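In what follows, a structure is listed as structure tokens, so that the remarks can point back to it.
The values are calculated or read from the model by the stated rules, or taken from the named source; none is laboratory data. All of these numbers come straight from a predicted model, not from anything done at the bench. Cβ atoms come from the backbone with ideal geometry, glycine included; neighbour counts cover every protein chain shown.
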Amino acid sequence: MELAAARTIERAAELQERGNVASYIPELAKVDPQKAGIAITLANGATISAGDCDEQSTIQSVSKVFTLALALGTVGDRLWNRVGREPSGSAFDSILQLEHENGIPRNPFVNAGALVVTDSILSNYQPKEALAEILSFVRALADDETIHIDKAVAQSETETGHRNRALAHYLASYGNFNNQVDHTLGVYFHQCALSMSCVQLSRAGRFLAFGGAIGAGEARIVSHRRAKRIAAIMITCGHYDGSGDFAYRVGVPAKSGVSGMILAVVPNVASIAVWSPGLNKNGNSLIGTQMLEQVIRELDWSIF
Ligand code: GLU
């Protein structure tokens, strides 16, 4: 497996086409598109890693799997009255469907849906407490108290996040918002700026690979059923309108972020984090997808 991870990084380095780093969040535009890292955490807790696997990046939309788990823990299935579970077939920050579907976002991973999820967590807390809750959840999952929020990236998105602001106000106009729009947006921008390395992210994602527990024989963080259901939404919606292509090429549940991070889970086998900042046309990591495609093919880990 060490060999498979190392080979994946070697091949990634040879690829000329790197994709484009996200520039709509100015702080993300500064990241070097040559970076590439991978980390694989197994059921026994061992982590195998290669490349820029210890370098920090914000996780952006990968944070949406953690907030979804938290929100389901807080409000349970009532969450599904406010957000759907269907693939959107449109861009991550699209507003179009919201009008047709009366302010109910298609799924928790498009931005509108993730804003609703964060809004539901916030209903029980002040913004600072909600953020502390999200941070301590992720730290506990990864068993790593050093995980933090990149304030510069959060600030950068706060200054330029007009599209998310528009989505949030639009949701509020349909009555699908419980808190002050600025409060929910503030928590959302900061959760997206959670900063992690591939090693930390692969460890934080273990509970989704191992039926809600952080490893074989460990206590459950969420129920087995809930972990399976979150993974189901990852495979159908985790890569926005590129989700079908990702399932076809890679074949495991995964969630991407515009920083070029992807968290993938191989049920009962491993959680994998890859990072490479250049994105494809759907806003998913170009090289990250190729790395996952290669390593999962080599290890024969597709769920299909
Ligand atoms: N913070 C980003 C946004 O809301 C996350 C999008 C993503 O990673 O797909 O635009």
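Collect the residues in region 178-213 that are more than 16 Å from the ligand (Cβ to nearest atom) and of a type in the set (F, W, Y), keeping them in residue-number order.
Listed by number, the residues that qualify are F207, F210.
Of all the residues that make up region 81-102, how many are touching a Ser or Thr at 6+ places or on another chain (Cβ under 8 Å), hydrophobic (A, V, I, L, M, F, W, C) and assigned to a loop (DSSP other than H, G, I, E, B)?
Total satisfying the criteria: 1.
This table checks each residue for (1) within 20 Å of S94 (Cβ to Cβ); (2) not hydrophobic (A, V, I, L, M, F, W, C).
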site: S243; (1), (2): yes, yes
site: V250; (1), (2): no, no
site: P253; (1), (2): no, yes
site: A270; (1), (2): no, no
site: G278; (1), (2): no, yes
site: N284; (1), (2): yes, yes
site: V295; (1), (2): no, no
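Go through region 191-230 residue by residue and tally those that are of a type in the set (D, E, K, R) and surrounded by 23 or more Cβ atoms within 10 Å (Cβ to Cβ). Step through it out loud before you land on a result.
Within region 191-230, the first condition is being of a type in the set (D, E, K, R), and the residues that meet it are 203, 206, 218, 220, 225-226, 228-229.
Checking which are surrounded by 23 or more Cβ atoms within 10 Å (Cβ to Cβ) leaves us with 203, 206.
Looking only at that region, the number is 2.
Look at region 4-21 and say how many of its residues are surrounded by fewer than 14 Cβ atoms within 10 Å (Cβ to Cβ) and of a type in the set (A, V, I, L, M). Outline the logic, then answer.
Taking region 4-21 and keeping what is surrounded by fewer than 14 Cβ atoms within 10 Å (Cβ to Cβ), we get 10, 13-14, 16-17.
Retained after the next criterion (residues that are of a type in the set (A, V, I, L, M)): 13.
Result for region 4-21: 1.
Under 9 Å between Cβ atoms, which residue pairs at least 6 apart in sequence (or on different chains) link something in region 175-191 that is in a loop (DSSP other than H, G, I, E, B) and at pLDDT 95 or above with a partner that is surrounded by fewer than 17 Cβ atoms within 10 Å (Cβ to Cβ) and of a type in the set (S, T, Y)?
Final answer for the pair search is N178/S123; N179/S123.
Only one of these conditions is not met by L131: (1) within 12 Å of the ligand (Cβ to nearest atom); (2) outside any loop (DSSP other than H, G, I, E, B). Which number is it?
(1)
Could you check region 34-83 and list, in sequence order, the residues that are in contact with a Phe, Trp or Tyr (Cβ under 9 Å, 6 or more places away or on another chain) and within 16 Å of the ligand (Cβ to nearest atom)?
S57, I59, S61, S63, K64, V65, F66, T67, L68
Go through region 95-139 and give me each residue that's within 17 Å of the chain's Cα centre (by Cα), buried (at least 24 other Cβ atoms within 10 Å of the Cβ) and among the small types (G, A, S).
Residues satisfying the conditions are A112, G113, A114.
Restricting to region 103-128, give me the number of residues that are β-branched (V, I, T) and assigned to a helix (DSSP H, G or I).
Initial filter on region 103-128 (β-branched (V, I, T)): 104, 110, 116-118, 121.
Right, trim to assigned to a helix (DSSP H, G or I) and you get 116-118, 121.
Number of matching residues: 4.
Residues of region 27-44 being within 21 Å of the chain's Cα centre (by Cα), exposed (fewer than 15 other Cβ atoms within 10 Å of the Cβ) and in contact (Cβ under 8 Å) with a residue 24 or more places away in the chain, which ones?
D32, the sole residue that qualifies.
So which residues in region 192-213 are farther than 18 Å from D150 by Cα and in contact (Cβ under 8 Å) with a residue 24 or more places away in the chain?
S202, R203, G205, R206, F207, L208, A209, F210, G211
Out of the residues in region 140-161 that are assigned to a loop (DSSP other than H, G, I, E, B) and in contact with a Leu (Cβ under 9 Å, 6 or more places away or on another chain), which is surrounded by the most Cβ atoms within 10 Å (Cβ to Cβ)? Steps first, answer last, please.
Step one: filter region 140-161 for residues assigned to a loop (DSSP other than H, G, I, E, B), giving 143-147, 150, 161.
If we keep only those that are in contact with a Leu (Cβ under 9 Å, 6 or more places away or on another chain) as well, we get 147, 150, 161.
Numbers: I147: 23, D150: 20, G161: 21.
Here the residue is I147.
May I ask you to list the residues in region 259-282 that are surrounded by fewer than 23 Cβ atoms within 10 Å (Cβ to Cβ) and either basic (K, R) or within 16 Å of the ligand (Cβ to nearest atom) (or both)?
Of everything in region 259-282, those that are surrounded by fewer than 23 Cβ atoms within 10 Å (Cβ to Cβ) and either basic (K, R) or within 16 Å of the ligand (Cβ to nearest atom) (or both) turn out to be G278, N280, K281, N282.
Sort through R225, R163 and tell me the only one that's of a type in the set (K, R), away from the ligand (no atom under 16 Å from the Cβ), out of contact with any strand residue (DSSP E or B) (no Cβ under 6 Å at 6 or more places or on another chain) and farther than 20 Å from L135 by Cβ.
On the way: R163 fails: away from the ligand (no atom under 16 Å from the Cβ).
That would be R225, the only listed residue that is of a type in the set (K, R), away from the ligand (no atom under 16 Å from the Cβ), out of contact with any strand residue (DSSP E or B) (no Cβ under 6 Å at 6 or more places or on another chain) and farther than 20 Å from L135 by Cβ.
Could you look through region 162-174, keep only residues that are without any contact (Cβ under 8 Å) to a residue 40 or more places away in the chain and under 20 Å from A91 (Cα atoms), and pick out the one that is surrounded by the fewest Cβ atoms within 10 Å (Cβ to Cβ)?
To start, the set of residues in region 162-174 that are without any contact (Cβ under 8 Å) to a residue 40 or more places away in the chain comprises 162, 165, 169, 172.
Restricting the remaining residues to those that are under 20 Å from A91 (Cα atoms) gives 162, 165, 169.
Details: H162: 9, R165: 15, H169: 12.
Per the stated criteria, the residue is H162.
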